[in-house]
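Novice: If you scroll down you'll find the structure; I have some questions about it.
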Amino acid sequence: MNGGDVISSNLPLSDIQTGISFISQFVTLLKLLKDAREKKKLKDILWRLIEDDVKRAETAVDRLSDAVILAFGANFFYSLLFEPLDPDAKAKQLIENISRNYHELLESIRSLSKTILTYQDEFKELFSPAEWVYIKGILSAVKEKKIDTELLSRQVKVWPIFHQTKNQLHFQQKFSEYLNEFNKQTGLDELNHRIGLKDKEYREFVAKFLERCLKEFFAESKKFKSKQKSASQKSKETI
């Protein structure tokens, strides 16, 4: 990089948060349905009606999550650190992967929506009032070909998404184990020690840095949402 080069700030951080929020709504929906099944509240006949769509949606969520993580990780590395051999093809491939899994997820959720809303009186009995309001809101927002973004955006505010499950904690533990093993096999662990990346002070510095970045990111995100809300209210007042 030359002295006169400027690092682009055109990294879509807001898109990352939107993608996470969007996927998390469907993850929460599927979890509520599966929890009801495991607690035997969801009757066999109702579960059989939605079982295939739930499994299809879970697979799509998993693939879409991988695609989003890969795409935005690639955007960071290829924009700042490494040079892709074919930038046009690489960018197109990453977004097409997101698009394919996104549409697969929506199709499975729409099918799920059609079934549950058709038998909503039966399904409603199996959940608490708060859970049902959330479930119905998500399903109603995506039941048509065009998503009701206003209705879907409300759901983001009423249900917490940052709550670690057993599988998330297990992944975190195993990822750390496999990464440590990879570092030992390749000699990167020794290299990390030699250049000081394993020092306690350095690890504390990185932890504080990441914590500060996340705090600033979500603080700015909150300000931005507040501005959007104010702009929306002013727009309605002028109509």
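Novice: Excluding ASN101 itself, calculate the net charge of residues whose Cβ lies under 14 Å from the Cβ of ASN101, where each Lys or Arg counts +1 and each Asp or Glu counts -1.
Specialist: -3
Novice: Once you place label points 7 Å from the Cα toward the Cβ at GLU96 and ASP52, how far apart are they in nm?
Specialist: 2.9 nm
Novice: Within segment 103-124, find all residues whose amide N lies under 12 Å from a label point positioned 7 Å from the Cα of LYS41 along Cα-to-beta-carbon.
Specialist: Only 123-124 pass the distance filter.
Novice: Let me ask you something else. What are the ³J(HN,Hα) values, in whole Hz, obtained from phi via the Karplus relation 6.51 cos²θ - 1.76 cosθ + 1.60 with θ = phi - 60°, for each residue of segment 41-50 in sequence order, with x given for Gly and Pro?
Specialist: So the J values, rounded to whole Hz, are 7, 7, 5, 4, 5, 6, 5, 5, 5, 10.
Novice: Pull up all non-local amide H partners of LEU42: gap of 5 or more, or a different chain, and H-to-H distance under 5 Å with H placed in the peptide plane.
Specialist: Hits under the 5 Å cutoff: ARG37.
The numbers here are math on the coordinates, done by the rules we state, and not lab data. Every value quoted in this text rests on a predicted model; they were computed, and no experiment measured them. Quick reminder, even Gly has a Cβ in these numbers, built from the backbone with ideal geometry, and neighbours come from all protein chains shown.
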